[in-house]
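The values are calculated or read from the model by the stated rules, or taken from the named source; none is laboratory data. These numbers were taken from a predicted model, which means no experiment stands behind them. With ideal geometry, Cβ positions are generated from the backbone for all residues, glycine too; neighbour counts draw on all protein chains shown. All accessible areas refer to the heavy atoms of the entire protein, side chains included, with ligands and DNA or RNA removed. Shrake-Rupley method; radii C 1.70, N 1.55, O 1.52, S 1.80 Å.
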Amino acid sequence: LTGFAADLGGTKTAAARIEGGAVVQRLTVPTNGAAEPDAQIAAIGDLLAQLGHGRGAPLGIAVAGRVDGAGGWHAVNEGTLSGIGDFDLRGALLQAFGRATCLNDAAAAAFAEGLYGAGATSECFAYITVSTGVGGGLVIHNRLLSSANGLSGHVGFVASRLARTACGSGRQATVESVAGGRGIAAAARAAGYADHDARAVFEAAAKGQDWAEQIVTTSARAIAALIGDLTAILGLDTVALGGSIGLAEGYLDRVRHALTEEPALFRPDIVHASLGHDAPLFGALARFQEWET
Ligand code: ADP
Ligand code: BMX
(Lines give C-alpha, C1' and ligand atoms only; values in the text may rest on other atoms or scores of the structure.)
(Ligands and ions follow the chains in the order given, each with its own letter.)
Protein backbone atom coordinates (compact mmCIF):
# COMPACT_ATOMS: atom_id res chain seq x y z
CA LEU A 1 0.00 0.00 0.00
CA THR A 2 1.70 3.19 -1.20
CA GLY A 3 0.25 6.65 -1.74
CA PHE A 4 -1.59 9.37 0.16
CA ALA A 5 -4.66 9.47 2.36
CA ALA A 6 -6.72 12.00 4.29
CA ASP A 7 -9.29 11.63 7.06
CA LEU A 8 -11.68 14.50 7.78
CA GLY A 9 -13.47 14.02 11.10
CA GLY A 10 -15.73 16.30 13.09
CA THR A 11 -12.82 17.43 15.29
CA LYS A 12 -9.59 16.83 13.37
CA THR A 13 -8.40 16.44 9.81
CA ALA A 14 -5.41 14.16 9.25
CA ALA A 15 -3.40 13.33 6.16
CA ALA A 16 -0.61 10.86 5.65
CA ARG A 17 1.95 9.59 3.23
CA ILE A 18 1.90 5.80 3.24
CA GLU A 19 4.71 3.66 1.88
CA GLY A 20 4.82 -0.12 1.77
CA GLY A 21 1.89 -0.36 4.18
CA ALA A 22 3.33 2.02 6.77
CA VAL A 23 2.56 5.64 7.60
CA VAL A 24 5.82 7.51 6.98
CA GLN A 25 4.47 11.00 7.66
CA ARG A 26 1.24 12.21 9.23
CA LEU A 27 -0.11 15.75 9.70
CA THR A 28 -3.16 16.79 11.71
CA VAL A 29 -5.08 20.08 11.95
CA PRO A 30 -8.36 20.95 13.69
CA THR A 31 -11.49 20.62 11.53
CA ASN A 32 -13.65 23.70 11.06
CA GLY A 33 -17.08 22.09 11.37
CA ALA A 34 -18.84 25.11 9.89
CA ALA A 35 -16.66 25.36 6.78
CA GLU A 36 -18.11 24.90 3.31
CA PRO A 37 -17.00 21.89 1.29
CA ASP A 38 -14.57 23.82 -0.92
CA ALA A 39 -12.79 25.08 2.21
CA GLN A 40 -12.68 21.53 3.63
CA ILE A 41 -11.08 20.30 0.40
CA ALA A 42 -8.63 23.21 0.47
CA ALA A 43 -7.64 22.23 4.04
CA ILE A 44 -7.00 18.67 2.89
CA GLY A 45 -5.10 20.03 -0.12
CA ASP A 46 -2.81 22.06 2.16
CA LEU A 47 -1.89 18.97 4.16
CA LEU A 48 -1.36 16.87 1.03
CA ALA A 49 0.87 19.53 -0.50
CA GLN A 50 3.01 19.54 2.66
CA LEU A 51 3.30 15.76 2.32
CA GLY A 52 4.53 16.06 -1.27
CA HIS A 53 1.40 14.78 -3.00
CA GLY A 54 1.55 15.37 -6.75
CA ARG A 55 -1.50 15.51 -9.03
CA GLY A 56 -2.67 12.02 -10.00
CA ALA A 57 -0.81 10.16 -7.23
CA PRO A 58 -2.81 7.40 -5.48
CA LEU A 59 -5.15 9.11 -3.00
CA GLY A 60 -7.91 7.94 -0.67
CA ILE A 61 -10.12 10.39 1.20
CA ALA A 62 -12.20 9.43 4.24
CA VAL A 63 -14.81 11.91 5.51
CA ALA A 64 -17.37 12.08 8.29
CA GLY A 65 -20.83 12.22 6.79
CA ARG A 66 -22.41 9.94 4.23
CA VAL A 67 -20.93 9.53 0.78
CA ASP A 68 -23.53 8.27 -1.67
CA GLY A 69 -23.00 6.02 -4.68
CA ALA A 70 -22.46 9.00 -6.98
CA GLY A 71 -19.81 10.49 -4.68
CA GLY A 72 -22.15 13.07 -3.17
CA TRP A 73 -21.29 14.20 0.36
CA HIS A 74 -23.93 14.97 3.00
CA ALA A 75 -23.83 15.41 6.78
CA VAL A 76 -26.12 13.01 8.63
CA ASN A 77 -25.56 14.92 11.87
CA GLU A 78 -25.80 18.49 10.63
CA GLY A 79 -24.63 19.80 13.98
CA THR A 80 -21.16 18.32 13.36
CA LEU A 81 -20.49 19.40 9.77
CA SER A 82 -22.92 22.26 9.24
CA GLY A 83 -21.50 23.71 6.02
CA ILE A 84 -21.57 20.70 3.70
CA GLY A 85 -25.07 20.79 2.24
CA ASP A 86 -25.27 18.35 -0.68
CA PHE A 87 -21.96 18.41 -2.46
CA ASP A 88 -20.36 16.57 -5.39
CA LEU A 89 -17.30 15.40 -3.46
CA ARG A 90 -16.05 12.94 -6.06
CA GLY A 91 -16.15 15.56 -8.82
CA ALA A 92 -14.42 18.18 -6.68
CA LEU A 93 -11.68 15.75 -5.62
CA LEU A 94 -10.97 14.74 -9.21
CA GLN A 95 -10.72 18.38 -10.15
CA ALA A 96 -8.47 19.23 -7.21
CA PHE A 97 -6.20 16.17 -7.13
CA GLY A 98 -6.50 14.38 -10.48
CA ARG A 99 -7.38 11.00 -9.01
CA ALA A 100 -9.02 10.04 -5.69
CA THR A 101 -11.45 7.65 -4.04
CA CYS A 102 -13.74 8.92 -1.28
CA LEU A 103 -15.84 7.19 1.34
CA ASN A 104 -17.15 7.58 4.87
CA ASP A 105 -14.44 7.67 7.56
CA ALA A 106 -15.79 4.81 9.68
CA ALA A 107 -16.48 2.69 6.58
CA ALA A 108 -12.87 3.26 5.53
CA ALA A 109 -11.63 2.23 8.98
CA ALA A 110 -13.83 -0.89 8.92
CA PHE A 111 -12.45 -1.79 5.51
CA ALA A 112 -8.85 -1.47 6.73
CA GLU A 113 -9.46 -3.38 9.95
CA GLY A 114 -11.22 -6.10 7.95
CA LEU A 115 -8.29 -6.40 5.55
CA TYR A 116 -5.27 -5.96 7.82
CA GLY A 117 -6.41 -5.55 11.40
CA ALA A 118 -8.81 -6.66 14.12
CA GLY A 119 -11.35 -8.03 11.63
CA ALA A 120 -8.96 -9.96 9.41
CA THR A 121 -10.11 -13.40 10.57
CA SER A 122 -13.71 -12.40 11.32
CA GLU A 123 -16.74 -13.53 9.34
CA CYS A 124 -19.14 -10.87 10.63
CA PHE A 125 -17.25 -7.80 11.79
CA ALA A 126 -18.15 -4.30 12.92
CA TYR A 127 -15.90 -1.31 13.47
CA ILE A 128 -17.35 1.36 15.73
CA THR A 129 -15.73 4.76 16.18
CA VAL A 130 -16.54 6.69 19.33
CA SER A 131 -15.21 10.12 18.46
CA THR A 132 -16.95 13.44 17.76
CA GLY A 133 -19.93 11.28 16.88
CA VAL A 134 -20.44 7.53 16.83
CA GLY A 135 -19.87 5.99 13.43
CA GLY A 136 -19.43 2.53 12.04
CA GLY A 137 -18.70 0.18 9.22
CA LEU A 138 -19.77 -3.43 8.71
CA VAL A 139 -17.68 -6.08 6.98
CA ILE A 140 -19.79 -9.16 6.40
CA HIS A 141 -18.19 -12.18 4.70
CA ASN A 142 -15.24 -9.99 3.73
CA ARG A 143 -17.36 -7.35 2.04
CA LEU A 144 -17.84 -3.82 3.28
CA LEU A 145 -21.58 -3.23 3.42
CA SER A 146 -22.55 -0.25 1.28
CA SER A 147 -25.78 1.38 0.12
CA ALA A 148 -26.66 3.79 -2.67
CA ASN A 149 -27.51 6.52 -0.17
CA GLY A 150 -24.28 6.00 1.78
CA LEU A 151 -26.11 5.52 5.08
CA SER A 152 -25.33 1.85 5.71
CA GLY A 153 -23.12 1.34 8.75
CA HIS A 154 -24.18 4.58 10.46
CA VAL A 155 -24.73 2.69 13.71
CA GLY A 156 -24.60 5.81 15.89
CA PHE A 157 -28.08 6.78 14.75
CA VAL A 158 -29.70 3.73 16.35
CA ALA A 159 -31.99 4.61 19.29
CA SER A 160 -30.62 4.23 22.83
CA ARG A 161 -32.64 3.80 25.98
CA LEU A 162 -29.93 5.77 27.79
CA ALA A 163 -30.35 8.83 25.57
CA ARG A 164 -32.68 11.70 26.41
CA THR A 165 -31.99 14.45 23.92
CA ALA A 166 -32.56 15.29 20.26
CA CYS A 167 -29.79 14.24 17.88
CA GLY A 168 -28.38 16.49 15.15
CA SER A 169 -29.56 13.88 12.65
CA GLY A 170 -33.17 14.82 13.42
CA ARG A 171 -33.77 11.51 15.21
CA GLN A 172 -34.53 11.39 18.93
CA ALA A 173 -32.39 9.83 21.64
CA THR A 174 -29.71 8.17 19.53
CA VAL A 175 -26.57 6.33 20.65
CA GLU A 176 -24.49 9.15 19.15
CA SER A 177 -26.31 11.80 21.20
CA VAL A 178 -25.41 10.09 24.48
CA ALA A 179 -22.12 8.30 23.72
CA GLY A 180 -20.21 10.49 21.23
CA GLY A 181 -17.86 13.33 22.09
CA ARG A 182 -20.44 16.03 21.43
CA GLY A 183 -22.98 14.14 23.53
CA ILE A 184 -20.48 13.77 26.37
CA ALA A 185 -19.71 17.50 26.26
CA ALA A 186 -23.46 18.25 26.28
CA ALA A 187 -23.93 16.02 29.33
CA ALA A 188 -21.07 17.84 31.07
CA ARG A 189 -22.72 21.17 30.26
CA ALA A 190 -26.01 19.91 31.72
CA ALA A 191 -24.09 18.87 34.87
CA GLY A 192 -22.70 22.40 35.22
CA TYR A 193 -19.30 21.83 33.58
CA ALA A 194 -19.74 23.89 30.43
CA ASP A 195 -16.01 24.26 29.81
CA HIS A 196 -15.39 20.50 29.63
CA ASP A 197 -15.02 18.77 26.28
CA ALA A 198 -15.04 14.95 26.18
CA ARG A 199 -11.31 14.75 26.81
CA ALA A 200 -11.67 16.89 29.95
CA VAL A 201 -14.58 14.73 31.14
CA PHE A 202 -12.32 11.65 30.82
CA GLU A 203 -9.59 13.44 32.77
CA ALA A 204 -12.06 14.34 35.51
CA ALA A 205 -13.27 10.72 35.62
CA ALA A 206 -9.66 9.53 35.92
CA LYS A 207 -9.28 11.84 38.94
CA GLY A 208 -12.23 10.12 40.54
CA GLN A 209 -14.89 12.79 39.99
CA ASP A 210 -18.26 11.06 40.21
CA TRP A 211 -20.22 13.26 37.82
CA ALA A 212 -17.65 12.61 35.09
CA GLU A 213 -17.40 8.88 35.78
CA GLN A 214 -21.17 8.66 35.40
CA ILE A 215 -21.08 10.35 31.98
CA VAL A 216 -18.24 8.12 30.74
CA THR A 217 -19.94 4.97 32.05
CA THR A 218 -23.24 5.95 30.41
CA SER A 219 -21.43 6.37 27.09
CA ALA A 220 -19.81 2.94 27.46
CA ARG A 221 -23.13 1.33 28.43
CA ALA A 222 -24.83 2.81 25.36
CA ILE A 223 -22.06 1.41 23.15
CA ALA A 224 -22.35 -2.00 24.83
CA ALA A 225 -26.12 -2.08 24.23
CA LEU A 226 -25.53 -1.07 20.61
CA ILE A 227 -23.07 -3.95 20.23
CA GLY A 228 -25.67 -6.34 21.65
CA ASP A 229 -28.30 -5.03 19.23
CA LEU A 230 -25.99 -5.23 16.21
CA THR A 231 -25.00 -8.74 17.21
CA ALA A 232 -28.67 -9.77 17.27
CA ILE A 233 -29.10 -8.44 13.73
CA LEU A 234 -25.81 -9.44 12.12
CA GLY A 235 -24.42 -12.28 14.22
CA LEU A 236 -21.19 -10.35 14.84
CA ASP A 237 -18.21 -12.34 16.08
CA THR A 238 -15.81 -9.39 16.49
CA VAL A 239 -16.17 -5.66 17.13
CA ALA A 240 -13.27 -3.20 16.98
CA LEU A 241 -13.50 0.16 18.75
CA GLY A 242 -11.73 3.22 17.34
CA GLY A 243 -11.82 7.01 17.66
CA SER A 244 -10.23 9.04 20.45
CA ILE A 245 -12.92 8.00 22.94
CA GLY A 246 -13.05 4.37 21.79
CA LEU A 247 -9.26 4.19 22.18
CA ALA A 248 -9.13 6.21 25.44
CA GLU A 249 -7.64 4.57 28.52
CA GLY A 250 -10.20 2.43 30.32
CA TYR A 251 -13.03 2.87 27.82
CA LEU A 252 -12.85 -0.60 26.26
CA ASP A 253 -12.85 -2.15 29.75
CA ARG A 254 -15.97 -0.18 30.64
CA VAL A 255 -17.72 -1.39 27.46
CA ARG A 256 -16.70 -5.00 28.16
CA HIS A 257 -17.92 -4.68 31.73
CA ALA A 258 -21.28 -3.24 30.61
CA LEU A 259 -21.64 -6.06 28.10
CA THR A 260 -21.52 -8.64 30.90
CA GLU A 261 -25.17 -7.63 31.50
CA GLU A 262 -25.99 -9.25 28.14
CA PRO A 263 -26.43 -13.00 27.59
CA ALA A 264 -23.30 -14.68 26.15
CA LEU A 265 -24.90 -15.03 22.71
CA PHE A 266 -24.96 -11.23 22.36
CA ARG A 267 -21.33 -10.70 23.40
CA PRO A 268 -18.85 -10.77 20.51
CA ASP A 269 -15.12 -10.23 21.07
CA ILE A 270 -14.49 -6.51 21.59
CA VAL A 271 -11.01 -5.18 20.86
CA HIS A 272 -9.28 -1.91 20.02
CA ALA A 273 -8.86 -1.10 16.34
CA SER A 274 -5.43 -2.57 15.70
CA LEU A 275 -4.56 0.21 13.26
CA GLY A 276 -5.57 2.78 15.89
CA HIS A 277 -6.08 6.32 14.61
CA ASP A 278 -4.63 5.39 11.23
CA ALA A 279 -7.44 2.97 10.34
CA PRO A 280 -9.45 5.46 8.21
CA LEU A 281 -6.27 6.55 6.38
CA PHE A 282 -5.23 2.99 5.50
CA GLY A 283 -8.79 2.09 4.52
CA ALA A 284 -9.25 5.06 2.22
CA LEU A 285 -6.03 4.29 0.34
CA ALA A 286 -6.81 0.55 0.23
CA ARG A 287 -10.20 1.39 -1.26
CA PHE A 288 -8.48 3.55 -3.89
CA GLN A 289 -6.17 0.68 -4.73
CA GLU A 290 -9.06 -1.77 -4.98
CA TRP A 291 -11.10 0.48 -7.26
CA GLU A 292 -8.38 1.91 -9.46
CA THR A 293 -6.26 -1.15 -10.09
P1 ADP B 1 -12.65 12.94 14.87
O2 ADP B 1 -14.04 12.86 15.39
O3 ADP B 1 -12.36 14.23 14.18
O4 ADP B 1 -12.29 11.74 14.05
P5 ADP B 1 -11.38 12.07 17.37
O6 ADP B 1 -11.41 10.61 17.08
O7 ADP B 1 -10.11 12.62 17.94
O8 ADP B 1 -11.65 12.99 16.11
O9 ADP B 1 -12.58 12.37 18.37
C10 ADP B 1 -12.77 13.64 18.89
C11 ADP B 1 -13.45 13.55 20.26
O12 ADP B 1 -12.62 12.77 21.15
C13 ADP B 1 -13.63 14.89 20.94
O14 ADP B 1 -14.91 14.88 21.55
C15 ADP B 1 -12.51 14.95 21.97
O16 ADP B 1 -12.88 15.74 23.11
C17 ADP B 1 -12.38 13.50 22.37
N18 ADP B 1 -11.03 13.12 22.82
C19 ADP B 1 -9.84 13.46 22.27
N20 ADP B 1 -8.82 12.93 22.97
C21 ADP B 1 -9.37 12.23 23.98
C22 ADP B 1 -8.84 11.44 25.07
N23 ADP B 1 -7.52 11.29 25.23
N24 ADP B 1 -9.72 10.87 25.92
C25 ADP B 1 -11.04 11.01 25.76
N26 ADP B 1 -11.59 11.74 24.77
C27 ADP B 1 -10.78 12.34 23.89
C1 BMX C 1 -21.46 10.71 12.68
C2 BMX C 1 -21.62 10.93 11.18
C3 BMX C 1 -20.89 9.80 10.45
C4 BMX C 1 -19.45 9.66 10.91
C5 BMX C 1 -19.40 9.49 12.43
C6 BMX C 1 -17.98 9.45 12.96
C7 BMX C 1 -21.82 13.15 10.19
C8 BMX C 1 -21.17 14.49 9.97
N9 BMX C 1 -21.09 12.24 10.84
O10 BMX C 1 -22.18 9.59 13.06
O11 BMX C 1 -20.94 9.99 9.06
O12 BMX C 1 -18.86 8.53 10.30
O13 BMX C 1 -20.09 10.57 13.05
O14 BMX C 1 -17.31 10.64 12.59
O15 BMX C 1 -22.94 12.96 9.80
P16 BMX C 1 -16.31 11.42 13.53
O17 BMX C 1 -16.32 12.84 13.10
O18 BMX C 1 -16.78 11.25 14.93
O19 BMX C 1 -14.98 10.76 13.33
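In order along the range 206-216, phi translates into HN-Hα couplings of 5, 8, x, 7, 4, 4, 6, 4, 4, 5, 5 Hz, rounded to whole numbers, per the Karplus curve 6.51 cos²θ - 1.76 cosθ + 1.60 with θ = phi - 60° and x for Gly and Pro.
What percent do you get for the relative contact order of the range 171-293 when only Cα pairs under 8 Å and 6+ apart count? Walk me through the numbers before you get to the answer.
On the way: 133 pairs, mean separation 25.7, N = 123.
Worked out over the range 171-293, it gives 21 percent.
Count Lys and Arg as plus one, Asp and Glu as minus one, and take only other residues whose Cβ is under 13 Å from that of Ala57; the net charge is then +1.
Below 8 Å, C-alpha to C-alpha, sequence gap of six or more: please give me the relative contact order for the range 223-293 in percent. Mind showing how you got there, number by number?
Numbers: 62 pairs, mean separation 27.5, N = 71.
Here the relative contact order equals 39 percent.
Comparing Leu230, Leu144, Leu27 in a Gaussian network model of the chain, where Cα atoms under 10 Å apart are tied by springs, the biggest mean-square fluctuation is seen for Leu27.
For the set Leu94, Leu247, solvent exposure ranked by accessible area (probe 1.4 Å, protein chains only) runs largest to smallest as Leu94, Leu247.
Would you mind counting up the charge near His277? Only other residues with Cβ under 15 Å from its Cβ, with Lys and Arg at +1 and Asp and Glu at -1.
On the way: positive: Lys12, Arg26, Arg199; negative: Asp7, Asp105, Glu113, Glu249, Asp278.
Result for the neighbourhood of His277: -2.
Amide H contacts of Leu59: Phe4, Thr101, each under 5 Å away and 5 or more positions distant or on a separate chain (H built 1.01 Å from N in the peptide plane; Pro and chain starts excluded). Residues whose amide H lies under 5 Å from that of Gln25, counting only those 5 or more places away or on a different chain, are Arg17; hydrogens are built 1.01 Å from N in the peptide plane.
Here the range 1-140 is treated as a Stokes sphere of Kirkwood radius computed over C-alpha pairs; at 4 °C and 1.567 mPa s its diffusion coefficient rounds to 85 µm²/s.
From the helices alone, meaning DSSP H stretches of at least four residues, give me the mean residue ellipticity at 222 nm for the chain, per-run term -39500 (n - 2.57), in deg cm²/dmol to the nearest 500. Mind dumping the intermediate values first?
Working: 10 runs with 111 residues, N = 293.
Result for the chain: -11500 deg cm²/dmol, rounded to the nearest 500.
Probing with 1.4 Å while keeping every protein chain in the model, the per residue accessible area of the range 1-111 equals 37 Å².
Within the accessible area of the chain, what % is carbon and sulfur when the probe is 1.4 Å and the other protein chains stay in place? Kindly include the intermediate steps, with their values, before the conclusion.
Numbers: 6270 of 12480 Å².
Carbon and sulfur together cover 50 percent of it.
Sequence-ordered 3J(HN,Hα) estimates for the range 146-152 from the Karplus curve with 6.51, -1.76 and 1.60 and θ = phi - 60° stand at 9, 9, 4, 8, x, 8, 4 Hz, glycine and proline given as x. What's the center-to-center distance, using Cα atoms, between the range 86-119 and the range 51-81 in Å? So the separation of the two Cα centres works out to 6 Å.
Our note on the geometry: Cα centres of the range 138-165 and the range 176-196, 22 Å apart. Each listed q (0.13 Å⁻¹) maps to a log10 I(q)/I(0) for the chain from the Debye sum over equal C-alpha point scatterers, namely -0.83.
Working from the pairwise distances between different alpha carbons, so that the mean of 1/r is found and then inverted, what is the range 120-251's Kirkwood radius in Å? If you can, show how the numbers build up before the last one.
Working: mean 1/r = 0.0665 Å⁻¹.
When all Cα pairs of the range 120-251 are included, the Kirkwood radius is 15.0 Å.
Over the chain, Cα pairs under 8 Å with separation of 6+ residues give a relative contact order of 20 percent.
What accessible area per residue comes out for the range 148-293, rounded to a whole number of Å², with a 1.4 Å probe?
With the other protein chains kept in place, the range 148-293 gives 47 Å² per residue.
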